[in-house]
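Undergrad: Please find one structure pasted underneath; my questions will follow.
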Amino acid sequence: MPENGRLILARLILQFRRALKRNEKLQSIASVSFIAHLVNQRVAHELLALEVIQILLANPTNASVEVAIEFTKQVGMLLEDVVPKGVHVVFEQFRNILQSGKKYNINKRVQYQIDELFTVRRKKFKDYPSVIPQLDLVEMDDQITHEISLDDNTLEKEEQLDIFRLDNQYKANEKIWTQIRKEILGIENDSSSDSSSGSDSSSSGYDSDDESTEEKESKKEVDGDLQVSGLQKSNTEEKGIADMTEAELVGMRRQIYLTIMSSLDFEECAHKMLKMNIPKGLEHEVVNMLIECCSQERTYVKFYGLLSQRICLVRPAYTEAFASSFDEQYKTVHRFETNHLRNVAKLFAHLLQTSTIPWTVFRCVYLNEDDTTSSSRIFIKLLCQDMAESLGMQELRRRFLQPEDDNVKESLQNMFPVDNPRNTRFAINFFTLIGLGKLTDDLREHLKNAPKLILQQQQALQKQTKGDDDDDSSSSSSGSSSSSSDSDSSSSGYDSDTDTDSRRPSRGRSRSRSTSPRRKPRKRKRSLSSSSSNTEPDNDKSRSRNGDGDKNDNERDAARSGSTGRNTKRSENENRRSKSEDMTEQRGEKEKSRASARARSRSASANKRRRSSSITSTSRDRSRRRSRSRSRNRSRSGSAALRRRRSSSSRSRLRSASMEKRRQRRRRRYSSSEESAGRARRRERERGSRSRSGSAKRQRL
């Protein structure tokens, strides 16, 4: 045992040196915490702890100070009891770093950690005990402490011990080890003394004791403080009693709600929820809680969309849960309020536009007048509008109309129906009214080409029916030709007299089967027979016999051609009858549809007339009332206006009279001034003329 402790300590020191050189913070914290536990158990000397702290604080950085703080918290209680002066020196160094933080470029976060370390020291390290009572197993006299320093260069890892080697004396060594272990742990040898195989029985007894102690501890933990989250089983489940009150489910929902409301951002909330270890099959409960919390908000909060996206990316099981919840929410959307409906639609729009859930969820959406309600239409409207705002019209059109996956294309067929023109018109009108008319370009083209497609389908059906009728007629004609050939072969052995007799009943049969236009080829046969009989000479018997044979052959050929012609005419007549019947049926259906359309148009026109008459009557009444009220107001206002006009006219007359007087005065003044000016001018002219005449006389003289 002491050698094992020394080996572990040496390896930890070497690991700490390597991590310190490489500035690996996590590795150094792990090795330092292990060394702290060895110091607390007195496997390593306390001077090693002081050396570690001194090396970490020699050149303080943010990482080295954090490691020193963590190590000091774990070793501080032991060092306070054993080396109080060394602890005082260490804390003085921490105080110096705290006061001159700018000198060493120490962050505020590390400074706060140093303050926290001082508060832990004031509490005498109550939260960080040196040895837990359950691990205080070795007495002070039996403890062996190894005095190893960090500067010891003789330390070795002894990696050759990691290689497995076969022990020939395994049982004997195992017995010695079990005895030493029992002495250390204080286990009695009652069970091992009675057993024959000491090593096996002792090991099994030890394992059973360990298992029993573990079971007791687990039961104590469950009885003491059991989380009501569905993650641990209660005592009732261990006993086989089923809890039908769903207390665990309610507790789990409560815990999910509290984690959502207590989180600052979606990353923290996602981390907490994934740390809860929710069992398989209950992902839908988490999804339902998220949707309910989102729906209870006054307005949509983007926190829920980002949270749902994060948990779906981390665990794919949540994507399936959200896809199934979309179907459930769409089917029960008529029960929601407007605010609830808006928030849920925006949540699913965020998940769809980020491709968190597949677009095959639109499989449950049937966009027509019969399968939708006002609430479902509002849900689709808000969903599509939010996606259009975030993705843009071109990207949304590409995802809807040109999907890369065939499954998505099949699931979107119900949202853009092509099976019925009525549903197609409904979809076009819906998307144009919500401002997404560009999504309906393909539907509009299909609706324009729909009559042509219907005509092509009808023509194809008619061609198929014609082909079937031709096949039937050809089969019947081949049957009739075979029957006529058989009758000709049977009648060839008889004489010409018997041939004529046998021909008569065949004609009678043909007459009974054929209709009136089929009598023409019979006349042809008689003319041929008569012409052949007239042309044939009756001199020799041999010639007459040969002539009779030729007649029979000609008659047989004529009969065959006549039978085939009759069969073809029969098939043609039957086809004509079927076509005429089909045409009559189509005409009747068209007439019925036209009559129904006329009746609808008449009823619509009558309703329009009634509405227009009611509207005109109401408008007339309103106009009459308005005219009456206007006349009353005019009469009232007219009397007031007359009074005002009279008063204003009297005032204006007085004003005009005063103005006229003033004008007359001004005219008089102006006229008097002009007369005086004219007199002065005349005087000056006279004076000028006199002076001129005097000067002229003087010049003359």
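Undergrad: What is the sum of charges around Val89, taking Lys and Arg as +1, Asp and Glu as -1, for the other residues whose C-beta is under 15 Å from the C-beta of Val89?
TA: It works out to a net charge of -1.
Undergrad: Determine ³J(HN,Hα), in whole Hz, for all residues of region 613-628 in sequence, where each value follows from phi through the Karplus function 6.51 cos²θ - 1.76 cosθ + 1.60 and θ = phi - 60°; x replaces Gly and Pro.
TA: In residue order, the calculated couplings are 5, 5, 5, 5, 5, 5, 5, 5, 4, 5, 5, 4, 4, 4, 5, 5 Hz.
Undergrad: Could you pull out every residue, at least 5 positions away or on a different chain, whose amide H is within less than 5 Å of the one on His146? Hs are placed 1.01 Å off N in the peptide plane, and Pro or chain starts have none.
TA: When sequence neighbours closer than 5 places are left aside, the close amide H contacts are Ala44, His45.
Undergrad: With every atom except the alpha carbons ignored, what do you get for Rg and Dmax of region 135-187, in angstroms?
TA: Rg then Dmax for region 135-187, in Å: 16.1, 41.
Undergrad: Over region 248-415, what relative contact order in percent results from Cα pairs under 8 Å that are six or more residues apart?
TA: 21
Undergrad: Taking the C-alpha atoms of region 248-415, how large are the radius of gyration and the largest Cα-Cα span, Dmax, in Å?
TA: 16.0, 48
Undergrad: So for region 2-153, considering every pair of alpha-carbon atoms, how many percent are separated by more than 25 Å?
TA: Tail of the P(r) past 25 Å holds 27 percent of the pairs.
Undergrad: Take a quick pass over region 2-153 and tell me how many lysine pairs come in under 16 angstrom between Cα atoms, counting only ones 8 or more apart or on separate chains.
TA: 4
Undergrad: How much space per residue, in cubic angstrom, does the convex hull of the C-alpha atoms of region 601-673 take up?
TA: Hull volume over Cα atoms, normalised by residue count, gives 95 Å³.
Undergrad: Here's a follow-up. Suppose R0 equals 25 Å. What FRET efficiency, 1/(1 + (r/R0)^6) with r the Cβ-Cβ distance, do Val83 and Asn105 give to the nearest 0.05?
TA: 0.25
Undergrad: In nanometres, what is the gap between the two model label sites at Thr616 and Glu267, each 7 Å from Cα along Cα-to-Cβ?
TA: 7.4
Undergrad: Below 30 Å Cα-Cα, how many Lys pairs turn up in region 248-415? Only count pairs eight or more apart in sequence, or on different chains, if you could.
TA: Close lysine pairs found across region 248-415: 18.
Just so you know, all these numbers are worked out from the coordinates, no wet-lab data involved. The structure displayed is predicted, hence computed values, not measured ones. When we count neighbours, we look across all protein chains shown, and the Cβ atoms used for this are built from the backbone with ideal geometry, even at glycine.
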